[in-house]
Amino acid sequence: MLDVMPTVPTQALIGGEWLNAESGRRFDVRDPATGNVIASVSDCGEVETLAAIAAADAALAAWSAEPASGRARILRRWADQMIERADELAWTLTRENGKPLAEARGEVLYGASYLHWFSEEATRVYGDVIPAPGSDRRIIVTKSPVGVCAAITPWNFPNAMLIRKAAAALAAGCTLVAKPAAETPLSALLAARIGMEAGLPAGVFNVVPGTDAAEIGRVLTSSDIVRKLSFTGSTGVGRKLIAQCAPTVKRLSMELGGNAPFIVFDDADLDAALDGLMASKFRNAGQTCVCANRVYVQDGVIGEFAERLAKRVATLNVGPGDRSGTEIGPLISEAAFAKVERMVSDALARGGRVLTGGAKHPAGELFYQPTVIDGVTADMDVMRDEIFGPVAPVAGFATEAEAIQMANETEYGLAAYVYTRDLGRAWRVGDALAHGMVGINEGVLSSPAAPFGGVKQSGFGREGSRYGLDDYLDVKYMLMGGLSA
Ligand code: NAP
């Protein structure tokens with residue numbers, strides 16, 4: 001492992017060149033564990049975003065014409081070099097996001113796994129020949145890249161959320177303009193530099209960091225050249241971007257917020273359920289879109305489960321991400337910290353009971369104690385909204401039907417988790433859950449081989465798997481006639 005912050009690019013990457021914002025403006029990136037400034041980054045706006053779109057447009061013809069095997073070779077090299085330099089990338093990520101180094105390293109490898117996956121999928125963009133209504137004709141289906149794409153990504157997985165979009169887009173033959181979150185631009189810029197060193201042609205992958213997200217978003221969404229936007233972030237911002245993309249009728253992928261139910265039936269393997277919940281809920285200090293948000297435990301085991309959960313949560317090691325043994329880092333910002341405090345207060349005011357935690361942690365300004373609250377009810381904020389913090393609210397239920405009804409009582413539909421040893425129940429409940437991804441006896445479900453994505457107000461489109469490539473491909477139908485002798 002490294003023990004110093006690596007040298008990281010701090011300018012925009014546009015058309016293969018590292019450029020300062022024309023305005024000369026820069027913004028500070030802070031370590032959330034200490035509040036210290038760790039870098040000063042070019043603050044891009046309209047001029048740079050337009051330049052990046054033009055660069056992506058200029059690079060499109062050659063990149064999309066490159067044989068898939070050629071694109072695949074570059075993506076594979078990018079992945080291999082990310083893996084070789086995983087320590088450097090992980091350090092950067094921990095510094096700007098706060099997550100423990102081991103998790104940051106895991107995220108980098110996870111991001112690289114999408115480059116590997118899509119480097120292979122790139123060579124399997126098959127078309128189709130469909131029987132035509134007349135014997136003198138043939139229906140032929142081909143797939144072509146959508147064109148110039150834009151990606152807007154959040155701070156909670158600053159490497160993986162961007163790389164899994166870039167991997168699919170570039171594999172399909174599209175070019176990309178990316179806007180990383182202002183809190184965490186360094187991971188994106190370092191990954192981009194490694195991509196350039198791995199052989200990405202100029203303009204294929206462009207990064208415009210900046211603090212005026214609305215302005216960069218406006219330029220990307222209003223552009224006629226940009227044919228698709230892939231967004232990962234909150235449902236509120238997603239709604240705005242969907243509306244902004246309407247006038248130019250862009251393709252969209254929306255990976256939005258979640259409110260995942262985690263259901264434990266009486267017959268579950270409680271050890272496995274506890275392991276699954278710890279992994280699902282407390283990764284990245286609870287700041288993941290698929291993390292268990294509402295824990296529902298059947299009446300027969302809720303007492304034992306909540307007690308054992310609280311004991312395990314109380315032992316979690318809280319501290320800066322670069323300290324050996326840390327399991328829970330800081331929250332990303334003062335606003336995130338205040339939101340968690342507010343939600344816990346709301347739960348307590350309405351009759352919830354803290355089993356462990358429930359307050360600020362002495363490790364620093366943005367550290368919150370890992371917390372378990374029982375006696376929660378559906379009207380509490382912790383059950384209605386994404387907590388995005390290390391807080392597990394536990395509620396009881398009596399029947400399978402009740403669990404399904406409670407789990408689906410949300411406008412979100414990203415991930416859900418079910419623990420049961422009854423195979424019939426696993427299928428029934430899995431089928432009935434209105435969520436895009438269901439983990440059955442598993443608390444971590446993301447993998448490049450699987451279609452990641454939500455339903456309802458958690459969004460649409462899929463990332464990873466063969467479905468993920470389709471999001472960057474247009475289907476064309478050609479009718480070939482005049483075949484009769
Ligand atoms: P956010 O506020 O929506 O921000 C996400 C990205 O959008 C950032 O790059 C942000 O830029 C940018 N942005 C904000 N306002 C914008 C605007 N008006 N126009 C264009 N871009 C804008 O979300 P967040 O708080 O960073 O991330 C957490 C959310 O992401 C949670 O809801 C979580 O569930 C969701 N998420 C979903 C998935 C998934 O796959 N479904 C994965 C991870 C996270 P700035 O940072 O510069 O403001």
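The values are calculated or read from the model by the stated rules, or taken from the named source; none is laboratory data. Because the structure is predicted, anything quoted here is derived from the model rather than measured. Cβ: placed from backbone, ideal geometry, glycine included. Neighbour counts: every protein chain shown. What goes into the accessible areas is simple: the full protein's heavy atoms, side chains included, and nothing from ligands, DNA or RNA. Shrake-Rupley method; radii C 1.70, N 1.55, O 1.52, S 1.80 Å.
Summed over region 248-286, the residues that are part of a loop (DSSP other than H, G, I, E, B) and under 14 Å from Gly217 (Cβ atoms) give a count of 2. If the condition is being closer than 26 Å to Arg193 by Cβ and surrounded by fewer than 16 Cβ atoms within 10 Å (Cβ to Cβ), then region 205-260 contributes Ala213, Glu215. Exactly one residue among Ala202, Ala192 is more than 10 Å from the ligand (Cβ to nearest atom), in contact (Cβ under 8 Å) with a residue 40 or more places away in the chain, assigned by TED's automatic domain parsing to the domain that holds Ala65 and open to solvent by less than 10 Å² (accessible area, probe 1.4 Å), and that residue is Ala192.
A quick yes/no check of all residues on (1) among the β-branched types (Val, Ile, Thr); (2) away from the ligand (no atom under 14 Å from the Cβ); (3) more than 22 Å from Gly351 (Cβ to Cβ):
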residue	(1), (2), (3)
Ile387	yes, no, no
Asp422	no, yes, yes
Pro448	no, no, yes
Gly453	no, no, yes
Ser458	no, no, yes
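Step by step: first the residues of region 25-55, then only those that are buried (at least 24 other Cβ atoms within 10 Å of the Cβ) and among the polar types (S, T, N, Q), then the one that is nearest to the chain's Cα centre (by Cα). Which residue is that? Per the stated criteria, the residue is Thr49. In summary, Val438 fulfils each of the numbered conditions (1) open to solvent by 40 Å² or more (accessible area, probe 1.4 Å); (2) over 23 Å from Arg283 (Cα atoms); (3) outside any loop (DSSP other than H, G, I, E, B) with the single exception of condition (2). Taking region 389-412 as the range and being within 16 Å of the ligand (Cβ to nearest atom) and among the hydrophobic types (A, V, I, L, M, F, W, C) as the test, only Val391 passes. In the set (1) over 20 Å from the mean Cα position of the chain (by Cα); (2) within 13 Å of the ligand (Cβ to nearest atom); (3) open to solvent by less than 10 Å² (accessible area, probe 1.4 Å), the condition left unmet by Ala122 is number (2).
Restrict the check to region 36-49 and report whether at least one residue is at positive phi and in the same structural domain as Leu220 (by TED's automatic domain parsing). Within region 36-49, not a single residue is at positive phi and in the same structural domain as Leu220 (by TED's automatic domain parsing). Scanning region 64-103 for residues that are touching a strand residue (DSSP E or B) at 6+ places or on another chain (Cβ under 7 Å) and open to solvent by 10 Å² or more (accessible area, probe 1.4 Å) yields a total of 2. Scanning region 460-485 for residues that are within 12 Å of the ligand (Cβ to nearest atom) and surrounded by fewer than 15 Cβ atoms within 10 Å (Cβ to Cβ) yields no hits at all.
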